[in-house]
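First comes the structure, then the notes that go with it.
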Amino acid sequence: MKCVHEMPFGAQLRADGGVRFRLFAPAASRVELVLEDARSRRTLPMARIDDEGFYELVTPDARPGGRYRYRIDGGLEVPDPASRRNPEDPAGPSEVVDPAAHEWNDGAWRGRPWHETVLYELHVGTFTPEGTFAAASARLPHLRDVGVTAIELMPIADFPGRRGWGYDGVLPFAPEASYGTPQDLKRLIEAAHAHGLMIFLDVVYNHFGPEGNYLRAYAPSFFTDRHHTLWGAAINFDGEGSRPVRDFFVHNTLYWLEEYRFDGLRYDAVNAIRDDSKPHILEEIAAAAHAGPGRERSIHLVLENEDNSARYLRPRERKLFRAQWNDDAHHALHALVTGERDGYYADYQPPIEHLARCLAAGFDYQGQPSPFRRGRKRGEPSAGLPPVAFVDFLQNHDQVGNRAFGERLTALAPEPALRCCTAILLLAPQIPMLFMGEEYGAGTPFLFFCDFGPELSAAVARGRRAEFARFSAFSGADLERIPDPNDEATFARSRLDWTELRLPRHAAWRDHYRGLIALRRERIVPLLPKLGPHCGTANVIGEAVLEAVWSGAGGERLTLVANLSDKAAAAPARPPGERIYATPAGAPDGTLPAWSAYGYVHTP
């Protein structure tokens, strides 16, 4: 089976053996194609073909594996912004790729239903000692055996240097060369499907990285001063000349879903995507995805959106997005197990009340003012969404890596508290997500790291320390200990240490997760299609006891009861149904031991 996404730009192989090159360069008066190999360079003029600013050349002189660049106005040479591969980093030449050269062996794969999802977020470069797509494939049996059903790759769009989180990518169609070739990535996806695992990709449509992006030199209309983001001028989705920009990102989604057969995408920080036009670019992207690859197999589109915009998550009304990462649930859970109150955790006090709202109705902030955001109202009502419209987690790359020292929760929270909240995460009807290594209590940190040029590297290091200087917990000596993001040792320290699994403590964590996920698969997942909008309620009893109930239209009922404190508490009346989980075991009737959780399922 061949999988090729036809793009209206970039390098496209033709049936006659030639290659069509097309570049959007409205600010250029002249564009040339530079073909190069180890022995020679050839320069060929490209013709402007329309009023939008596209230049095109069809030539028989290019072949798969050949390198090329575009020369702008006789001077600046740039990579193809739609490059399928850039083996020498974004500043180097692009490579002509024949996507039809790969023969897919997973033609029978049609995906999995969303309600079966147990997500596992990973960073390719630190997931294994080798840090490659190929090496990641070898770890898939471990994830399958733990019970994970879907892996999510942090962004892989080619970025400057050889190490980074991926959110500073500048070539959105080119898999990061340090991780391997396009063929290697396709083999990883095939391997995931062979193990029954879905595979998702995190994509960034709200900005380009600060180094290696040449679009401003020849296509300044890609950006707009009408809107601004944390990263400066916004991408132009709604101003003059925005149609090619919108097409660029619509095709990026289709490219990953069609040419690479990803099962879904996670869209980073869409609250920073500014678009006042109709339809919103997110709606246009989702419509194209469902009308294209979504007709043939299950695909799942997921958002990260600080604004808690519930309107994008209403699948019964129109096919848009399946779910959203629920930061509210994370913040409440984190504050519970660590006792932290700094920063945005101040918005979640007392945390048990905020967690109850998340479990019952999805978002915690549904339009009320946020004290941390100086009273700005945040969110939209979400009780009308099913529980599976929310992805909940105890840890992710942001919440671990944006800490000064990259500590995981095993270094911050008492083990009984963490085990209790893990049970809530995995037995509640929301979609659970784990961060790589979480399933075995990894002792390695996950730090912020990058590989910029000298000037930007120094600025990033200074900015990192200045950010934490605002916190009272950091003294001058603490600030000096914050790892330099550009130091290769910072990256090396963030690699998972798989030998930890040989140690009893880490094996016990793995067994804890594996047991809970197995219980979820057997007893919770069959209930999820029956738990629709407005199905949840949650009550806080006293100061520390939480009781959450989800009811189906046919009388089905799932109940979680937990004592979220380090002191015993009186138990509420026993819920109807079979008790399927209890920790710690052997508690006397009428008493909830410290940090205990209980699950009950009633089926009529």
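The values are calculated or read from the model by the stated rules, or taken from the named source; none is laboratory data. All values derive from a computational prediction rather than experimental measurement. Because the Cβ atoms are built from the backbone with ideal geometry, glycine has one as well, and the counts that use them run over all protein chains shown.
Could you check region 442-539 for helices (runs of 4 or more DSSP H) lying wholly inside it with 2 or more residues that are among the aliphatic types (A, V, I, L, M) and at pLDDT 95 or above?
Fully inside region 442-539 and qualifying: 488-493, 504-519.
Given the criteria in the same structural domain as Leu257 (by TED's automatic domain parsing) and under 18 Å from Tyr260 (Cα atoms), does Gly107 qualify?
no
Tally the residues that are touching a Leu at 6+ places or on another chain (Cβ under 9 Å) and in a strand (DSSP E or B), restricting the search to region 540-557.
Of the residues in region 540-557, 9 are touching a Leu at 6+ places or on another chain (Cβ under 9 Å) and in a strand (DSSP E or B).
Tyr167: crowded, with 23+ Cβ neighbours inside 10 Å and of a type outside the set (S, T, N, Q), yes or no?
no
Identify, by number, the condition in (1) touching a Pro at 6+ places or on another chain (Cβ under 9 Å); (2) surrounded by fewer than 16 Cβ atoms within 10 Å (Cβ to Cβ); (3) modelled with pLDDT of 95 or more that Ala346 doesn't meet.
(3) is the only condition that Ala346 fails.
Looking at this structure, is Glu438 buried (at least 22 other Cβ atoms within 10 Å of the Cβ), acidic (Asp, Glu) and at pLDDT 75 or above?
yes
Quickly run through region 278-293 and pick out the residues that are part of a loop (DSSP other than H, G, I, E, B) and closer than 16 Å to Arg311 by Cα.
Listed by number, the residues that qualify are Lys278, Pro279, His280.
Would you point out the residue of region 90-137, among those that are charged (D, E, K, R) and under 17 Å from Asp184 (Cα atoms), that is surrounded by the most Cβ atoms within 10 Å (Cβ to Cβ)?
Glu95
Test Gly401 against the criterion of being of a type in the set (Gly, Ala, Ser), within 16 Å of Trp165 (Cα to Cα) and in contact (Cβ under 8 Å) with a residue 40 or more places away in the chain, and give yes or no. Can you show your working first?
Working: of a type in the set (Gly, Ala, Ser): yes; within 16 Å of Trp165 (Cα to Cα): yes; in contact (Cβ under 8 Å) with a residue 40 or more places away in the chain: yes.
Criteria met by Gly401.
Mind checking whether some residue in region 558-573 is surrounded by fewer than 19 Cβ atoms within 10 Å (Cβ to Cβ), in a loop (DSSP other than H, G, I, E, B), touching a residue at least 24 places away in the same chain (Cβ under 8 Å) and among the hydrophobic types (A, V, I, L, M, F, W, C)?
The answer is yes; a qualifying residue exists.
What do you reckon, is Ala150 of a type in the set (A, V, I, L, M, F, W, C) and more than 27 Å from Gln430 (Cα to Cα)? Working first, answer last.
Numbers: of a type in the set (A, V, I, L, M, F, W, C): yes; more than 27 Å from Gln430 (Cα to Cα): no.
No; evaluated as a whole, the condition is false for this residue.
I'm checking my understanding of the structure. Among residues of region 294-343 that are of a type in the set (Ser, Thr, Tyr) and part of a helix (DSSP H, G or I), which one is surrounded by the fewest Cβ atoms within 10 Å (Cβ to Cβ)?
Thr338
Pull up region 244-279, narrow it to residues that are farther than 21 Å from Tyr167 by Cβ and without any contact (Cβ under 8 Å) to a residue 60 or more places away in the chain, then point me to the one that is surrounded by the fewest Cβ atoms within 10 Å (Cβ to Cβ).
Applying the filter and picking the extreme gives Lys278.
Quick check on region 213-225: of everything there that is in contact with a strand residue (DSSP E or B) (Cβ under 8 Å, 6 or more places away or on another chain) and part of a loop (DSSP other than H, G, I, E, B), which residue is nearest to Ser457 (Cα to Cα)? Break it down into steps so the answer makes sense when it comes.
Quick first cut of region 213-225, residues in contact with a strand residue (DSSP E or B) (Cβ under 8 Å, 6 or more places away or on another chain) only: 214-219, 222-225.
From what's left, part of a loop (DSSP other than H, G, I, E, B): 214, 219.
Values: Tyr214: 19, Ala219: 26 Å.
The qualifying residue nearest to Ser457 (Cα to Cα) is Tyr214.
Select, from Ala38, Ala62, Ala27, the only residue that is in contact (Cβ under 8 Å) with a residue 24 or more places away in the chain and either exposed (fewer than 12 other Cβ atoms within 10 Å of the Cβ) or closer than 30 Å to Leu257 by Cα (or both).
None of the others qualify; the one that does is Ala62.
If you go through region 281-311, how many residues are closer than 22 Å to Pro381 by Cβ and either touching a residue at least 40 places away in the same chain (Cβ under 8 Å) or of a type in the set (A, V, I, L, M, F, W, C) (or both)? It would help to see each step written out before you state the result.
Pass one, region 281-311, residues closer than 22 Å to Pro381 by Cβ: 282-283, 286, 301-311.
So of that shortlist, the ones also either touching a residue at least 40 places away in the same chain (Cβ under 8 Å) or of a type in the set (A, V, I, L, M, F, W, C) (or both) come out as 282, 286, 301-303, 306-311.
Residues flagged as closer than 22 Å to Pro381 by Cβ and either touching a residue at least 40 places away in the same chain (Cβ under 8 Å) or of a type in the set (A, V, I, L, M, F, W, C) (or both) within region 281-311 amount to 11.
Quick check on my filter: what residues within region 574-604 are in contact (Cβ under 8 Å) with a residue 60 or more places away in the chain, farther than 19 Å from His534 by Cα and either crowded, with 18+ Cβ neighbours inside 10 Å or among the polar types (S, T, N, Q) (or both)?
Hits for region 574-604 are Tyr581, Thr583, Trp595, Ser596, Ala597, Gly599.
Please verify whether Arg20 is in contact with a Leu (Cβ under 8 Å, 6 or more places away or on another chain), exposed (fewer than 15 other Cβ atoms within 10 Å of the Cβ) and basic (Lys, Arg), treating the condition exactly as stated.
no
Identify, by number, the condition in (1) over 29 Å from Ile72 (Cβ atoms); (2) touching a Lys or Arg at 6+ places or on another chain (Cβ under 8 Å) that Phe223 doesn't meet.
For Phe223, the exception is condition (1).
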